[in-house]
Every structure is written in C-alpha cells, then in structure tokens.
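Trainee: Could you have a look at this structure, given as structure tokens, before my questions?
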Amino acid sequence: MRIVNVVGARPNFMKMAPLLREMRRHPDIVTTLVHTGQHYDDAMAGQIFRDLELPAPDISLEVGSGSHAYQTAEVMKRLEGVLKDIQPHLVVVVGDVNSTLAAAVTAVKMGIAVAHIEAGLRSFDRAMPEEINRLLTDAIADYLFVTEESGRENLLREGVDRGKIHMVGNVMIDSLEQSRSVWERSDLVARLGLSRGGYGVVTLHRPSNVDDPATLRGLVKALSEVGRRIPLVFPVHPRTRGRLEAMEAESVIGSGARYIPPLGYLDFIALVAGSSLVLTDSGGLQEETTALGVPCLTLREQTERPITVTHGTNRIVGTSPDRIVEEATRALTEQQPGGTRPPLWDGHAAERIVAIIREAGGHRVVARG
Ligand code: UD1
C-alpha cells in the first residue's frame with residue numbers, strides 16, 4: 001500500500017512522528033513524507049524534526065508564509081503533481097492547519113482516500129481558521145480517527161457515516177511517551193536557572209489573542225502581574241514576536257516574564273513537565289498538560305478538546321486580564337486536582353490507526369446514506 005503522509009506546521013510534526021514510525025514497521029506499506037513548508041524556520045520545523053527523529057521529508061513543497069488563500073492554494077497546486085506521480089492508495093493528514101485542509105481537498109478530488117488524524121474536534125467558533133479547516137476536512141475524509149468521545153459525537157451530529165469514525169486515542173501522547181526517557185534528561189530547566197515546580201510556562205499565538213494590539217496588551221499586562229508571584233517563561237512564537245515588536249511591548253513586559261525564542265520539542269516538554277502552571281492558547285498543550293498532570297489555564301473562551309477539562313487539568317479562563325490573574329493566583333495557592341488520563345491516551349494510538357488502515361486496505365469509504 002502506498003501512503004502519502006502530509007505535514008505542514010509545527011503541531012503536525014509530533015502527530016506524524018509515531019505514525020510514520022509505525023507504518024515503517026510494516027513492509028507492505030510504502031510511505032512518502034511530504035512537508036508543505038508552511039513552517040520552515042529551523043526553530044519551527046528543523047529542530048522539531050530532529051527531536052522527534054522524523055526522517056527528512058521525501059518531498060518539500062516549500063510553500064512558506066502567506067494569506068490563508070495563498071497557503072491553501074499553493075499546497076493544492078504543488079501537491080497535485082506529487083500525487084499524480086505517486087498514485088497513493090491513501091493520503092494521511094493530521095490536525096487542523098491550512099496544509100491539512102489543502103492536502104485533503106486535493107487528494108479527494110483525485111479519487112484518493114483520505115485519513116484524518118484528530119478528527120471531530122470542534123470549538124464551535126467559526127472565526128477560528130482551524131475550525132473551518134476541521135469542518136471541511138472531516139466532511140470529505142474517508143477515515144476519521146478521533147482522540148476523544150466529543151469527536152465522535154460531533155461527527156455523528158454532522159451526519160457522518162458511523163463506519164468512518166474510529167476512536168483510537170491520541171498520537172501526540174504517543175510522541176510524549178516514546179521520547180520520555182530523552183526529555184526527562186533535558187537540563188533546560190537548570191540552564192534557565194529555575195527549579196522544578198518553581199515556575200510557570202506561557203505560550204500565545206492565536207490570531208484572536210495576538211493580532212489585536214489591545215487584546216495582546218491586556219494579556220501581557222496580566223502576565224506581568226502573574227510574573228510577580230512566580231517566574232514565567234514564555235517561548236515566543238514568530239507570529240507573536242512580530243506583534244510584540246510592532247507594539248513595542250518591552251514597555252509593558254514585567255520583569256517576571258522571560259521571553260525566549262521557540263524551543264525544540266524535547267526541551268519544551270521538559271520545561272512544561274517541570275512547571276507548576278501553564279498559561280496558553282494552544283490546543284496541543286491542553287492535551288500535553290493533561291497527560292503530564294500539570295495545571296493548565298487556557299486563555300480562550302472555549303476549547304475544542306473538552307476532555308482536557310472533564311478528565312484532565314485544564315480550565316478555560318478567557319482573556320480578561322483580571323480573570324487570568326485571579327485564576328492563576330488560585331491555581332498557585334490552592335491544591336489542584338491532578339486529573340486522570342483520558343481513555344486510550346496510552347502511547348499506542350499509532351498502532352491502532354495503522355492496524356485499521358492495513359485491514360481496510362486504504363479503500364475509499366462510500367457513505368451508506
Ligand atoms: C499555524 C496554524 C495554527 C497552528 C500554528 C502553530 C493555520 C491556519 N494556522 O499558525 O493552527 O496552531 O501554526 O504554530 O494553519 N513564521 C516564521 N517562521 C515559520 C513560520 C511562520 O517566522 O517557520 C511567521 C511568519 O511571519 C508567518 C507567521 O509566523 O506569517 C504566522 O505563520 P502561519 O503559518 O501563517 O500561521 P501560525 O500563526 O503559525
């Protein structure tokens with residue numbers, strides 16, 4: 001079976017690594033790894049590939065940055081020829097970035113089956129570009145691999161054929177567990193002069209949080225307030241760095257928060273695992289903190305990953321600066337429940353996915369009604 005695996009942006013890489021590793025254990029599968037180049041910096045792509053032991057891409061589309069229409073269209077144009085040459089039985093896409101949607105649309109229109117890993121998640125906020133990517137990808141994919149029960153429920157509500165939906169667990173947690181012995185040896189926390197349990201971690205990159213200067217200013221103010229209680233480390237995403245520089249945020253950044261460049265995967269997980277609190281607007285980090293038992297405050301109005309709240313350590317606190325400070329203070333002063341691991345977040349999701357794909361032979365699944 002020929003399978004083309006597509007990645008584009010940083011959060012795709014930790015989902016693809018365990019899948020590719022598992023596929024390559026089976027001689028009946030021939031894999032091709034395509035990197036669209038949506039993320040291209042060494043910090044956003046190269047270092048993460050090395051940390052995850054992802055092989056160099058077989059094909060790089062080198063699409064780069066641009067508007068949503070530009071990125072999506074360029075991936076489609078450049079991928080079409082690749083799929084024509086390889087004639088795969090299946091295209092595998094992960095997550096919810098523009099490359100995910102672009103690859104799915106291209107493949108399906110060529111009559112090629114598509115598997116979507118991390119299907120069914122819904123924030124119910126169509127102002128989020130990722131929500132549009134999720135809805136459209138799930139509407140056309142043949143294999144929908146879900147990480148949590150809400151994913152199955154959402155897909156069924158949208159009229160998706162039950163036979164396409166497979167609850168398999170979470171490949172991101174596969175990556176976390178497979179690399180555990182390596183990230184546990186990271187000395188980053190000591191190099192930053194911090195001690196385990198004595199600091200917090202911040203990440204922010206959602207357009208709704210960082211693109212509007214008033215919102216970003218409020219968030220930075222809240223962080224400097226929280227930073228008075230506990231040292232904060234903030235590995236800054238390039239989108240956010242650009243916005244902070246544009247508004248000369250140095251003037252509002254308190255001494256408590258340390259703004260550092262993006263980290264590699266292993267150092268980042270080590271940093272999070274050693275922290276006592278995470279403040280974030282990332283989707284993946286809500287899941288990783290749940291798996292690590294670290295309290296997480298999500299600086300958004302909703303989550304597409306409700307299981308991290310019902311089972312895990314996540315709390316949705318919104319973006320009001322006062323509320324953030326209040327919730328962070330509570331999280332730091334009151335005993336926090338450690339949460340439980342959601343079902344099937346056990347480090348073996350990729351094995352389940354590849355078993356299903358091999359058994360089905362990569363056939364298109366025709367809706368029954
Ligand atoms: C993208 C995804 C988002 C994901 C995030 C993780 C979409 C719609 N968004 O958002 O879902 O959570 O990745 O990081 O697909 N840049 C660099 N170097 C890079 C890549 C980007 O400097 O390697 C800068 C560019 O100035 C670019 C900006 O970051 O314009 C934003 O990058 P882009 O890929 O458009 O979106 P993200 O915000 O990264």
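The values are calculated or read from the model by the stated rules, or taken from the named source; none is laboratory data. Because the structure is predicted, anything quoted here is derived from the model rather than measured. Note that we place each Cβ from the backbone using ideal geometry, even for glycine, and neighbour counts take in every protein chain shown. The area values use the complete protein model at the heavy-atom level, side chains included, leaving out ligands, DNA and RNA. Shrake-Rupley method; radii C 1.70, N 1.55, O 1.52, S 1.80 Å.
Per-residue answers, yes or no, for (1) more than 21 Å from the chain's Cα centre (by Cα); (2) in the same structural domain as residue 290 (by TED's automatic domain parsing); (3) among the β-branched types (Val, Ile, Thr); (4) buried (at least 24 other Cβ atoms within 10 Å of the Cβ):
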{"residue": "136", "(1), (2), (3), (4)": "no, no, no, no"}
{"residue": "144", "(1), (2), (3), (4)": "no, no, no, yes"}
{"residue": "149", "(1), (2), (3), (4)": "no, no, no, no"}
{"residue": "154", "(1), (2), (3), (4)": "no, no, no, no"}
{"residue": "160", "(1), (2), (3), (4)": "yes, no, yes, no"}
{"residue": "166", "(1), (2), (3), (4)": "no, no, no, no"}
{"residue": "175", "(1), (2), (3), (4)": "no, no, no, yes"}
{"residue": "185", "(1), (2), (3), (4)": "yes, yes, no, no"}
{"residue": "188", "(1), (2), (3), (4)": "yes, yes, no, no"}
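Quick grid of which residues meet (1) under 19 Å from the mean Cα position of the chain (by Cα); (2) surrounded by 13 or more Cβ atoms within 10 Å (Cβ to Cβ); (3) more than 14 Å from the ligand (Cβ to nearest atom):
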site	(1), (2), (3)
35	yes, yes, no
38	yes, yes, no
42	yes, no, no
51	yes, yes, yes
59	no, yes, yes
66	no, yes, no
71	yes, yes, no
74	no, yes, no
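Trainee: Still on this structure, I have one more. Within segment 12-31, does at least one residue satisfy the condition of being more than 16 Å from the ligand (Cβ to nearest atom), modelled with pLDDT of 95 or more, in contact with a helix residue (DSSP H, G or I) (Cβ under 6 Å, 6 or more places away or on another chain) and among the hydroxyl-bearing types (Ser, Thr, Tyr)?
Mentor: Yes - at least one qualifying residue is present in segment 12-31.
Trainee: Is one or more of the residues making up segment 320-331 aliphatic (A, V, I, L, M) and within 16 Å of the ligand (Cβ to nearest atom)? Talk me through it step by step, then tell me what you get.
Mentor: So in segment 320-331, the residues aliphatic (A, V, I, L, M) come out as 324-325, 328, 331.
With the extra rule that they be within 16 Å of the ligand (Cβ to nearest atom), the set shrinks to none.
Taking every residue of segment 320-331 in turn, none turns out to be aliphatic (A, V, I, L, M) and within 16 Å of the ligand (Cβ to nearest atom).
Trainee: Does residue 89 satisfy being open to solvent by 50 Å² or more (accessible area, probe 1.4 Å) and within 12 Å of the ligand (Cβ to nearest atom)? Spell out how you get there, then give the answer.
Mentor: Numbers: open to solvent by 50 Å² or more (accessible area, probe 1.4 Å): yes; within 12 Å of the ligand (Cβ to nearest atom): no.
The answer is no for residue 89.
To keep it simple, each residue is scored yes or no on (1) in contact with a strand residue (DSSP E or B) (Cβ under 8 Å, 6 or more places away or on another chain); (2) under 23 Å from residue 94 (Cβ atoms).
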| position | (1), (2) |
| --- | --- |
| 301 | yes, no |
| 316 | yes, no |
| 326 | no, no |
| 341 | no, yes |
| 344 | yes, yes |
| 359 | no, yes |
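Trainee: Another question, then. Filter segment 165-200 down to residues that are assigned to a loop (DSSP other than H, G, I, E, B) and over 20 Å from residue 143 (Cα atoms), then give me how many there are. Before the answer, list the steps.
Mentor: Initial filter on segment 165-200 (assigned to a loop (DSSP other than H, G, I, E, B)): 168-170, 179, 184-187, 192-199.
Now drop any that are not over 20 Å from residue 143 (Cα atoms), which leaves 179, 184-187, 192-199.
Counting residues in segment 165-200 that are assigned to a loop (DSSP other than H, G, I, E, B) and over 20 Å from residue 143 (Cα atoms) gives 13.
Trainee: A further question follows. Kindly indicate whether any position in segment 133-142 is within 11 Å of the ligand (Cβ to nearest atom) and touching a residue at least 40 places away in the same chain (Cβ under 8 Å). Before the answer, list the steps.
Mentor: Step one: list which residues in segment 133-142 are within 11 Å of the ligand (Cβ to nearest atom), which gives 133-134.
Still in the running and touching a residue at least 40 places away in the same chain (Cβ under 8 Å): 134.
Scanning segment 133-142 turns up at least one residue that is within 11 Å of the ligand (Cβ to nearest atom) and touching a residue at least 40 places away in the same chain (Cβ under 8 Å).
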